[in-house]
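The values are calculated or read from the model by the stated rules, or taken from the named source; none is laboratory data. Here the structure is a predicted model, which means the values were calculated and not measured. When we count neighbours, we look across all protein chains shown, and the Cβ atoms used for this are built from the backbone with ideal geometry, even at glycine.
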Amino acid sequence: MTGFGRCEIAASEYKITVEIKSVNHRYCDISVKLPKKFNAYENDIRNILKNYIARGKVDVYISYEDYSQSQTSVKYNSKIAEEYMSAIRAASDEFGIEKTINASSLIRFPDVISLEEKETDIESIYPVLADAVKKAGGKFVEARAKEGGHLKNDVLSKLDYIVSLVEKVEERSPEIVKEYRDKLKAKVEELLNGTHVDEGILATEITVFADKICVDEETVRLRSHITNMRDTLSKDEAIGRKLDFIAQEMNREANTILSKANDMELSAAAIDLKTEIEKIREQIQNIE
């Protein structure tokens, strides 16, 4: 399920920004990008996120801006400068050339001057970062809940249509048996030139045919799965995987109905059933 949550906390010396974005995914895949100075807390951050995320491909971006003016200092490395000067004097004596070197030239040599960043007290900042992650997570959940409401209504409407298709299958099945009986009787009478047809033999043949095309068990199970899916949609918890399993079972029953159908109208209804169930399965991939 797609979602977005953002939180920004600014203090006099720094600003922390947390952004959470997600796209549809069958499993829970969380990617956290954060400044190196917070690497030690990555697992803690992931544990916080698990309270807000159960499914989806989620990218978490954390940025840290330092407003302090005293975080960087210039360090003069005297030992390295002395090594450079010794090398310059040796070269001057060996080749008889002037030592044209001054302080401004000396400090340009590599590593004579270096910039050092003072260590930030990460332990004191982490609680603020954790709070920002929680607030962004809360907004992320709100955004997903809003989208989830739309998805729920869409799935429920599709279930209503599936129920109407099941009713059509249930109404059509007895008619197929009756039509088969009439056709069979007429065909036998035609072959026997009007001779009386043995109703016992006819009933046996019709019973065998009716058993082959009977979809009562499939429609009963299908209705049960529909009820189960509706009940599951009303729960306030992670339901995506359970819904996916129910949809698979619904598709199994629709396949069986289609395999037993030997009537154009029944086959069309079974195909519509499979199509609608597949639409639900696609939507379920978006539900946590």
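Can you tell me how many residues in the stretch 83-108 are assigned to a helix (DSSP H, G or I) and not aromatic (Phe, Trp, Tyr)?
15
Scan Lys134, Lys152, Lys168, Lys158 and give me the residue that is closer than 19 Å to Gly5 by Cα, in a helix (DSSP H, G or I) and not acidic (Asp, Glu).
Lys134
Check off (1) surrounded by 14 or more Cβ atoms within 10 Å (Cβ to Cβ); (2) over 38 Å from the mean Cα position of the chain (by Cα) for Val32 and give me the number that stays unchecked.
(2)
From the set of residues in the stretch 227-270 that are in a helix (DSSP H, G or I), aliphatic (A, V, I, L, M) and within 23 Å of the chain's Cα centre (by Cα), which is nearest to His25 (Cα to Cα)?
Leu243
Consider only pairs whose beta carbons are under 7 Å apart and that are at least six residues apart or on different chains; among these, list those whose first residue lies in the stretch 252-274 and is free of Cβ contacts under 8 Å to residues at least 40 places away in the same chain and whose second residue is small (Gly, Ala, Ser) and not in a loop (DSSP other than H, G, I, E, B).
Ala254/Ala270; Leu258/Ser267; Leu258/Ala270; Lys274/Ala254
Please determine, by comparing only the residues of the stretch 35-52 that are in a loop (DSSP other than H, G, I, E, B) and in contact (Cβ under 8 Å) with a residue 40 or more places away in the chain, which one is surrounded by the fewest Cβ atoms within 10 Å (Cβ to Cβ). Spell out how you get there, then give the answer.
Filtering the stretch 35-52 down to residues in a loop (DSSP other than H, G, I, E, B) leaves 35, 50-52.
From what's left, in contact (Cβ under 8 Å) with a residue 40 or more places away in the chain: 51-52.
Details: Asn51: 12, Tyr52: 19.
Among those residues, the one meeting the criterion is Asn51.
Restricting the stretch 119-131 to residues that are of a type in the set (Asp, Glu) and either part of a helix (DSSP H, G or I) or at pLDDT 90 or above (or both), which is farthest from Tyr52 (Cα to Cα)?
Let us first name the residues in the stretch 119-131 that are of a type in the set (Asp, Glu), namely 119, 121, 123, 131.
With the extra rule that they be either part of a helix (DSSP H, G or I) or at pLDDT 90 or above (or both), the set shrinks to 123, 131.
On the way: Glu123: 24, Asp131: 13 Å.
Step by step, filter the stretch 119-131, then rank; the result is Glu123.
Here are Ile226, Ile201: which of them is in contact with a Leu (Cβ under 6 Å, 6 or more places away or on another chain) and either surrounded by fewer than 16 Cβ atoms within 10 Å (Cβ to Cβ) or modelled with pLDDT of 85 or more (or both)?
Ile226
Of all residues being among the β-branched types (Val, Ile, Thr) and crowded, with 16+ Cβ neighbours inside 10 Å in the stretch 127-149, which is nearest to Glu282 (Cα to Cα)? Just the residue, please.
Per the stated criteria, the residue is Val141.
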